[in-house]
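Okay, so here's the structure we're looking at.
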Amino acid sequence: MKSKLIILSLALAATTMSVSAQSTREKYTSEGSKNIFISATGGVSLVNTGKDGKFGDPAPHVTLSVGKWFNPVVGLRLQGGAWKANYNSSYNHISSTGTPGAEQSYNKNIGIARLDMLYSLTNAIFGYNPDRGFNLSAFAGPGLTFAKTVHQSRYQEVSNGFDKVPASDNKLRSFVNGSVGLLANFYVSDAVSIDLEARGELAASYLGYQSTARTVGGLYFGAGLTYTFGGREFMVAAAKVDNSALNDEINRLRRELEECRNRAPEVRTVTETQVVKEAVFNKTPIFFKIGSYKLDSYAKATIKLVAEGIKANGGTFKVQAYADKATGSANFNQKLTDNRAKAVYDALVEQGVPASQLEIVSNGGVENLFTENETTRVVIMGVD
C-alpha cells in the first residue's frame with residue numbers, strides 16, 4: 001500500500017511537470033533567488049477511518065510552507081502541519097468471536113510533512129500576466145504522517161468473554177501519504193496574497209487497533225497568507241543572443257590597436273590615442289544576456305580598451321544602461337539596468353579610471369534603445 005501511494009503521488013507530480021515543461025520552459029525563467037515564498041494557513045480537517053465511510057468532527061488544522069515558482073506555471077513547496085484528528089470507529093473493542101462493539105469517537109494528535117508540485121492552471125490556460133490579481137493552482141505530491149499508535153494487541157478476559165485491547169507500545173511512527181488539491185491566491189500586492197486551499201489525502205492507516213482499514217482518508221480546508229520575497233518577477237526566456245558580430249567588432253578594434261602599437265613610437269602614440277578615443281567617443285556598447293548583468297570576457301576586454309582612452313582624455317564619460325521592455329516588469333528592468341551600469345562602472349574603476357570622470361545613467365523604464373530586444377540589453381560608454 002505504501003508503495004502504491006508513493007507511485008501515485010509521484011506520477012501526478014511528474015505529469016504536471018512534464019505538461020508544464022512542454023508549454024512554458026522555453027518561454028519563462030526565474031533567477032534562483034526570485035519567487036521564493038512562505039505561507040501560513042489555518043483551517044479544519046476531517047478524518048475518515050476508511051472502513052464505514054463516516055467522517056469525524058472537524059478539527060483545527062495549521063500548516064507552514066516554503067516554496068519557489070520556477071516559472072509562472074510550475075512551482076514546488078515543502079509543507080509542515082499539525083492537527084488533532086477526530087474519527088469514529090467501532091473497532092476499539094472486538095470480542096474473541098469477532099463481534100464489534102458500539103461505535104465510539106476518538107482523537108489523536110497528528111503531524112504532517114508534504115512535498116507538493118504546484119501547477120498554475122490560470123497561467124497555463126490564459127498565459128502569464130504580471131498584473132493579474134488571481135491565480136488558481138492544482139497541486140499533488142507525497143508526504144509523511146506522524147502519529148503515535150499501536151501495532152500489536154492482546155486479549156484480556158472480561159465478564160462476558162475476551163476483549164481485544166491495545167499493547168502499550170505508544171511510539172511515534174511515520175506513515176506514507178499522498179494528496180491532491182487546489183490553491184487559490186488573491187494578490188493584494190506583488191509580494192502578498194490571501195490564500196484559500198482545499199486538499200484530499202490518503203495515508204497508510206495510523207489508527208492501529210482502532211481500525212481494520214489499511215488507509216485513512218482526510219479532507220483539509222484552510223485560509224492564510226503568502227509572502228513572496230522581492231515580489232513576483234519572471235523573465236522571458238528568449239533564445240541565447242548571437243554575439244558573433246559583436247565579438248568580431250571587438251576583435252577588429254583590438255587588432256587596430258595592436259597594429260598601432262607595432263608602428264614607430266611617434267606614429268604609435270598618435271594613432272593609438274586616436275583609435276581608442278574614437279571607440280570611446282563613438283559610444284562603445286557592452287551587451288548582456290537576457291536578465292543578466294554579468295560581464296563576460298569580451299565585455300571585460302572592451303572595457304579595458306575604453307578605460308585606456310578615458311584615462312588619456314579629460315571630461316566626463318557616461319555609463320548608460322538599458323533593458324528591453326519585452327523582459328520583466330518596469331520595476332525589474334529598473335533594477336536590472338542599475339546593476340548593469342554598476343557592473344561596468346566598477347570594472348572601469350578597477351582599470352584605473354577616476355570615479356570623478358564617470359556618470360551612471362540607468363534607463364530601465366524607457367522605450368527600447370534599438371529595434372531588436374537583444375541589442376537593447378546594453379550599456380553604452382561614451383560622451384554625448
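Before moving on, here are some points about what is shown:
- Note on Leu172 and Ala113: the model spin-label points, each 7 Å out from Cα along the C-beta direction, lie 1.1 nm apart.
- Between Ile36 and Glu259, the FRET efficiency estimated from the beta carbon spacing at R0 = 56 angstrom works out to 0.60.
- Cα pair distances of segment 327-368 binned at 5 Å [whole percent]: 5, 23, 26, 18, 12, 10, 5, 0
- Annotation: extensible slack from Asn313 through Glu372 equals 18.0 nm (criterion: 0.36 nm per residue apart, minus Cα-Cα distance).
- Added length on full extension, which subtracts the Cα-Cα distance from 0.36 nm per residue, Ile125 to Asn331: 71.6 nm
- Length released on extending from Gln357 to Lys342, taking residue separation times 0.36 nm less the Cα-Cα span: 4.0 nm
- Cβ-Cβ FRET estimate between Phe186 and Lys289, R0 fixed at 30 Å, reported to 0.05: 0.30
- Projected area, mean over directions - segment 167-221, Cα convex hull, nm²: 5.5 nm²
Only the coordinates and a few stated rules stand behind these numbers; no lab work does. Just so we're clear, the structure is a prediction, and the values are computed from it rather than from any experiment. Quick reminder, even Gly has a Cβ in these numbers, built from the backbone with ideal geometry, and neighbours come from all protein chains shown.
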